[in-house]
Amino acid sequence: MPKRTDIETILVLGAGPIVIGQACEFDYSGVQACRTLKEEGYRVVLINSNPATVMTDPELADATYIEPLTAEIAERVIAREKPDALLPTMGGQTALNLAMRLHRDGHLERRGVELIGARADAIARAEDRELFRQAMSEIGIRSSPARIASGLEEAMAALDEVGLPVILRPSFTLGGRGGGVAYNREEFPAAFQRAREASPIGTVLVEKSVIGWKEYELEVIRDIRDNCIIVCSIENIDPMGIHTGDSVTVAPAMTLTDKEYQQMRDAAIACLRRIGVETGGSNVQFAVNPRDGEMLIIEMNPRVSRSSALASKATGFPIARVATRLAVGYTLDEIRNEVSGTGPASFEPALDWVVVKTPRFDFEKFHGAEALLTSSMKSVGEAMSVGGTFPEALQKAYASLEIGLRGLESPGLPGGGSRQHFEPTRFLGWPVPGRLLFAAEALRRGIRPETITRHSGFDPWHVARLEEIVRAEGEIASEGLPEDAARLRRWKHLGFTDARLAALAGRSEDEVRARRHALGLHPSYRRIDTSAGEFPSETPYLYSAWDAAPLPGADEAEVSDRRKVMILGGGPNRIGQGIEFDYCCVHAVQALRALGIEAIMVNCNPETVSTDYDTADRLYFEPLTAEHVLEIARRESSRGELLGALAQFGGQTPLRIARALEAAGLPVLGTSAEVIDIAEDRDRFHALLKSLNLRQPEGGVARATEEAVREARRVGYPVLLRPSYVLGGRAMRRVENEDELVSWIDSAVEVSGEHPVLIDSYIADAIEVDVDALCDGRRAWVAGAMEHVEEAGVHSGDSASSFPHDSLESSVIDEIHEQSRRIGEALGVVGLFNVQFACRGDEIYVLEVNPRASRTVPFLTKALGLPLARYATRLILGETLDDLGLPARVLPPFHAVKEAIFPFDRFEGADAMLGPEMRSTGEVMGIDRDFASAFWKAQLALGLPLPGGGGAFISVNHADRAEATELAREFASLGFSLLATSGTAGHFESCGLEVEVVPKVYEGRRPHVMDRMLSGDVALVLNTPSGRRARGDSDSIRSLACARGIPCFTTLRAGRALVRAMRAAKTAPLEVCSLQDYFSDGEPAGEKD
Amino acid sequence: MKRSGAQTQTPHHGGQNALLLLEDGTAITGAGFGAHGRRLGELCFNTAHSGYQEILTDPSYADQIITFTFPQIGNTGVNPEDLESRGVFARGVVTRLPPPQPSNWRARQNFNDWLREHDTPAIANIDTRTLTRRIRDRGSPRAMLVHQPEGLADINIDEALEELRAWNGLKGADLAADVSCREAYDWSEKLWRSDSAAVKSPDRHIVAVDFGVKRNILRHLADLGARVTVVPAAADAEQILAREPDGLFLSNGPGDPAATGRYAEQTLRRIMSESPALPIFGICLGHQILGRALGIDTYKMPFGHHGANHPVLEHASGQVAITSQNHNFCLQTENKMPDGVFASHASLFDGSNEGLAVRDRPVFSVQFHPEASPGPHDAHNLFARFLGAVRRRNQND
């Protein structure tokens, strides 16, 4: 059927900020959706509060609203733009829930907006667990025994009926948030309450656990004519009980016979039909009993998902693009297979390669939270690898994760290498992160495969593959590095990286590479062609494979004769390095293509836009290791002219290998490795600033504990400790005294290996400023200076920030611009760089310089309407700032506030106090005419509507009391009743404020503060840090606030910002405006100089 | 290994005890498994992810050596339910990796032992992707697969090539006669289900001509309430009609339809003229023979269709089915079709013919495999369509 012509304008909803369970895969799907709709000639209106998305680049939609994804805002946008249809399936659970809300409230009907891609009744049937189970049972598809419950009594009855252990699944949540497992009656009530609180409709499915069963997912697409295809099957190596986002998975399924697979396929298609997904993609999950093949359906998502992004990258089949076309009326046979260029989209991809996905965790950032996996997702990112065989893909997957592993290697266990020290129950019986690595370690220690399967639930087939690898490790260790090509090739065929071989054979990686090259051994590059080689593919979407014995013509790279540049991506997302860097990589690619230079993307993160098959000219889905990058460079330079690699857009990942690349002769374009070293090396950087007469916080370097103690004494407490060469403030810590310093320093040195620890004086009561700037090697240009809302000491990634600046004097900002320029010029940066300052009055301190694209580049790009990463790419390729013709200083035509979002609600027990170690997963942007409204919107975008009144609970440290009193007065004038702990309350009373004293938990009297929060008496929490020892009580207050969605502010400045926002909210309603309208005069507004 | 002229490719690592020799002289060595010995066959590739056991026991693979593009073959071992015939019909197996120990709740035997038991040699450690692309670009070559546990030292490549080139390949071969049953037999086994469900007791009689029939076809017919009698490919019209069928089924099978057609077309034409209302349904070779009997030519495709992901468009409904396919020959329907005959289905991969129907008569056939096994069940309804036609005919009688 041809596309629909009765609709013209289509509203697309994005997914908002990156949170656990909803990451940049929805930028990937959103970009595909927007592009496709524009290609089809529709007018596209987009709402997304996440500025770091490619989809919110103004050219991707006709009207782009960087606004909160709330019903009120969406209504305003609908009223302004009058869309005919709304596509709710591209923005994850956020978009789906918002669309449902708009539907339920009747707005869509009133405004004549049609839901396309998924009808409301279908969404309801799929998302409401009870309706879903009923629907499945009607068509004879079994689910695990379960009952829905909304009250505890009901839940206990359900428990009696289904029996322990149970899985608790809240309705309508994303990434299994709030879900959990209860193994006994003791822990059941708490787990149930948690789950119920997470569900927006307050219902939870109490489901008989099938922990230990095999888990599978099918990605299904259906069109309006009821044509159905399965794009990909995915097998979870981790058995049931662990969220699929936290499982190591393999595609296609490895351990199903055809009869079992087809039964699952039939069930998946029947499920879509019954649920009523008329067009588009869905993900259907199954559990299979390994003993008798009994199959149960677990759930389905009637939208594109993280799994569908993975399936798209794994097969080459662009699910979101196809689903979008289906939503506007096409059928599968009318859509071309755009990857192969042959045939229609109505076929099922055939793979002759194996894809493994491994999750990336950041548990170490959430001290206090137990590192256990459950049905609630905890991972912050993932890496995908592609290999010719399962063992090859598996080893590549671990090398891609950037957690210090070079393949399937020991996760590092206490107690040495003996079997005695390895307790299978402890390491295999619990769903710990990296359990597959423990399984391999068990094999190394002589534990039998059957024992591993019994404890872990890993399929014997997967364990046997681990065994193959482990056996080879033993041979390599005993034989050493092979002399002959056949033997070395055998190890490469099993997926051993050069670095891993080096470690096993007691050589250096360079030696292994030299030997391999001397023997003429290089990988073949093959195309992810959707057809297992049956049809030629015109798309250079490539992966490397080591065959046992490649035939002539095995390499399908078909290298061009053009001028070309490689762009090194950021690898798996993690806290501190996420979508912002992929955004920069995509812009670099766009700039190269505009310059007529072939853009060759290298990355291993399946969630990203950079790894979409049509983003770059050529795409290598490969780990970002020196070995893999150098082999690609070798292949690419066999024809045409490879100018070099861009390493400054992918965060810390490419910088880590920049020296190795240069040493091997691959030019790193732009800022040189030498400059990177100056910025990272404490002494050299200090010398540079000194020569420029710039101020730096007192600080020193320590390589051992005694040295650290000495330096800290010299600098004066409190001090900031951080290992060098890290991103996102990993392991960074504020230390109050010597005891704390000594107890912690050993672990920090361990974290960063041979790199030293930096010790800085902590500048109290300062305001931090982030600067992003461009430099052509001689002249620098400052794009903007963002003022942090929180005091210095909170990691810049976690702090809210304001652009333009909010409270600082213009003269200070001028000076910051000037200093930034001088630093960039002195360093000779070519491309982007970022400087962080701390300001106290007129004193300006340089905290650090990052000679690369920073996390804030997308935010500034959106605020200024200037593509900074594209400019940087042009500078790197030889243009000058003069060529770019940038105005002297630019300001946005609005006020922008960036806010960070945190995953504390998923890490029970973790403290929500902000500090120097970054812990936010994503960010939102609030745009409005002034700071207060922009801050208000940013809060809304975080999902925290401003409290209109109620109890304001205030507990601050001694030094903050005077200022807190002023704030308390403001709260009171805004209609809040004040609650405070005795110390704070006493001070308030003495200043004439009416306040209710609330006991602390340890004081023993009840109701204490937690009780009051649980009773709903507290509408907001203001809680500033006290000494480390006194923090216990406030930890739990903040954790509870996060869990209950009570706005919680841990700095006075944030509290003040809140007051201003609440004032603004009282005076005028929120307005919305698209980026296109803001920038409609074509020029960024507000020339100042 | 001795040869004159061109070099043997990839004599890389130790333990090389198997050889895949192509008609152009390419010699590829690898690690042997399965049975020992030397086999000739046309080399094809199959892109299905699952179902190697069904594929190898599909009689349509007679005289073919199968390259599996899926890298991990043998994972789920072998079980008694997934057999499509009495044994393995493919001549040999080419895989990327040696077979692993199986893991599946239904597995009763490992892949290696089973191949050995069924006298089928296999070769592993082969760059199956490049081999597949080569077949795609140059067509299916005749090939020889050798597995010698003592190694390949005594093999004279020139002599082997001579033997290989002396073999005619599939073109012109009536292989259906070789694989068909010798005596008629009754079939009553129904479809595999992981759970048992109630099925009808038989109320109609279908005679199935066995050109190399897959058991899942018979299971489907039985499932829908048919009593099935399977007769040899060479059964003549009298013998078939004497069994008083309510419907006639023409099975899949190997080889060149023109060769098998020499006797089968004759039989079919007689049946159609003597019993014009008899519903007829053909699959694969059966489809080609029906087409030939109606006056349509067949041709050999460069590398055929072998996989479980082939989209087929049904013109009448506009619906696309993802189908299982295995054929090297095809009906030539681009030219003018005989009166009253029309092409009902087409491949969305290459536009080739995938189905045929006779206007106003309950006679139709498809090139693909609606019985799947392995492959998607999208076209299962064709069996019901056939049985529906059979039942309607009885009502009209």
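Worth pointing out:
- Candidates A:Ile224, A:Ile230, filtered to the one that is within 11 Å of chain B (Cβ to nearest Cβ), of a type outside the set (Lys, Arg) and part of a loop (DSSP other than H, G, I, E, B): A:Ile224
- At least 2 residues being over 31 Å from the mean Cα position of the chain (by Cα) is the threshold, and among the strands (runs of 3 or more DSSP E) wholly inside the stretch A:800-859 those reaching it are A:843-850.
- Residues satisfying the stated conditions in the stretch A:874-894, i.e. farther than 22 Å from A:Arg929 by Cα and either of a type in the set (D, E, K, R) or assigned to a loop (DSSP other than H, G, I, E, B) (or both): A:Arg874, A:Leu877, A:Gly878, A:Glu879, A:Thr880, A:Asp882, A:Asp883, A:Gly885, A:Leu886, A:Pro887, A:Ala888
- For the stretch B:58-88, a tally of residues being away from chain A (no Cβ under 14 Å) and either free of Cβ contacts under 8 Å to residues at least 40 places away in the same chain or out of contact with any strand residue (DSSP E or B) (no Cβ under 9 Å at 6 or more places or on another chain) (or both) returns 4.
Listed here are the residues, each with its yes/no results for (1) surrounded by fewer than 16 Cβ atoms within 10 Å (Cβ to Cβ); (2) without any contact (Cβ under 8 Å) to a residue 24 or more places away in the chain; (3) under 25 Å from A:Val19 (Cβ atoms).
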site	(1), (2), (3)
A:Arg142	yes, no, no
A:Gly151	yes, yes, no
A:Asp160	yes, yes, no
A:Gly163	yes, no, no
A:Ile167	no, no, yes
A:Glu186	yes, yes, no
A:Ala191	no, yes, yes
A:Gly202	yes, no, yes
A:Val206	no, no, no
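- In the stretch A:581-599, the count of residues that are among the hydroxyl-bearing types (Ser, Thr, Tyr), on the phi > 0 side of the Ramachandran plot, crowded, with 24+ Cβ neighbours inside 10 Å and out of contact with any strand residue (DSSP E or B) (no Cβ under 6 Å at 6 or more places or on another chain) is zero.
- Single unsatisfied condition, B:Ser60 versus (1) within 23 Å of the chain's Cα centre (by Cα); (2) of a type outside the set (A, V, I, L, M); (3) over 19 Å from B:Phe368 (Cα atoms); (4) not in a strand (DSSP E or B): (3)
- Within the span defined as the stretch B:46-57, every residue fails to be free of Cβ contacts under 8 Å to residues at least 24 places away in the same chain and either within 21 Å of the chain's Cα centre (by Cα) or within 14 Å of chain A (Cβ to nearest Cβ) (or both).
- Filter result for the condition that a residue is modelled with pLDDT under 95 and crowded, with 18+ Cβ neighbours inside 10 Å, over A:Ala95, A:Ala74, A:Ala124: A:Ala124
- Some residue of the stretch B:109-118 being out of contact with any strand residue (DSSP E or B) (no Cβ under 6 Å at 6 or more places or on another chain), in a helix (DSSP H, G or I), more than 14 Å from every other protein chain (Cβ to nearest Cβ) and at pLDDT 95 or above: yes
- Among residues of the stretch A:244-302, those that are part of a loop (DSSP other than H, G, I, E, B) and surrounded by fewer than 21 Cβ atoms within 10 Å (Cβ to Cβ), counted: 8
- Residue count for the stretch A:871-900, restricted to those that are among the aliphatic types (A, V, I, L, M) and either surrounded by fewer than 22 Cβ atoms within 10 Å (Cβ to Cβ) or touching a Ser or Thr at 6+ places or on another chain (Cβ under 6 Å) (or both): 8
- If only residues of the stretch B:341-353 that are part of a strand (DSSP E or B) and either modelled with pLDDT under 95 or within 22 Å of A:Asn337 (Cβ to Cβ) (or both) are counted, the one that is farthest from the other protein chains (Cβ to nearest Cβ) is B:Asn353.
- Residue check for A:Arg1056: at pLDDT 80 or above, more than 30 Å from the chain's Cα centre (by Cα) and in a helix (DSSP H, G or I): no
- Sole exception among (1) in contact (Cβ under 8 Å) with a residue 24 or more places away in the chain; (2) under 23 Å from A:Val586 (Cα atoms) for A:Ile78, by number: (2)
- Helices (runs of 4 or more DSSP H) within the stretch A:368-484 that include 1 or more residues surrounded by fewer than 21 Cβ atoms within 10 Å (Cβ to Cβ): A:424-428, A:435-444, A:449-456, A:460-479
- Of the residues making up the stretch A:58-79, just one is under 22 Å from A:Gln93 (Cβ atoms), in contact with a Lys or Arg (Cβ under 8 Å, 6 or more places away or on another chain), small (Gly, Ala, Ser) and assigned to a helix (DSSP H, G or I), namely A:Ala71.
- Subset of the stretch A:941-984 (residues that are over 23 Å from A:Arg1012 (Cα atoms) and in contact with a helix residue (DSSP H, G or I) (Cβ under 7 Å, 6 or more places away or on another chain)): A:Asp960, A:Glu963
- On the stretch given as the stretch B:354-397, residues that are away from chain A (no Cβ under 14 Å) and either under 17 Å from the mean Cα position of the chain (by Cα) or part of a helix (DSSP H, G or I) (or both) total 19.
- In the stretch A:246-269, residue nearest to the other protein chains (Cβ to nearest Cβ) [restricted to those that are in contact (Cβ under 8 Å) with a residue 60 or more places away in the chain and among the polar types (S, T, N, Q)]: A:Thr255
- Test: B:Val228 is aliphatic (A, V, I, L, M) and in a strand (DSSP E or B): yes
- Residue satisfying all of: in the stretch A:332-358; out of contact with any helix residue (DSSP H, G or I) (no Cβ under 9 Å at 6 or more places or on another chain) and more than 24 Å from A:Ala253 (Cα to Cα); farthest from the other protein chains (Cβ to nearest Cβ) among these: A:Gly341
- Where a residue in the stretch B:298-320 is more than 9 Å from every other protein chain (Cβ to nearest Cβ) and its partner, wherever it lies, is among the acidic types (Asp, Glu), with Cβ under 8 Å and at least six apart: B:Thr298/B:Asp256; B:Lys300/B:Asp256; B:Val312/B:Glu354
- Boolean, B:Asp154 is in the same structural domain as B:Pro59 (by TED's automatic domain parsing), farther than 21 Å from B:Asp58 by Cβ, free of Cβ contacts under 8 Å to residues at least 12 places away in the same chain and in a loop (DSSP other than H, G, I, E, B): yes
- Annotation note: Cβ proximity below 6 Å between a residue of the stretch A:539-559 that is within 13 Å of another protein chain (Cβ to nearest Cβ) and crowded, with 19+ Cβ neighbours inside 10 Å and a residue that is in a loop (DSSP other than H, G, I, E, B) and among the hydroxyl-bearing types (Ser, Thr, Tyr) (sequence gap 6+ or interchain) occurs for A:Ala549/B:Thr10.
The values are calculated or read from the model by the stated rules, or taken from the named source; none is laboratory data. All values derive from a computational prediction rather than experimental measurement. All Cβ positions, glycine included, derive from the backbone under ideal geometry; neighbour counts span all protein chains shown.
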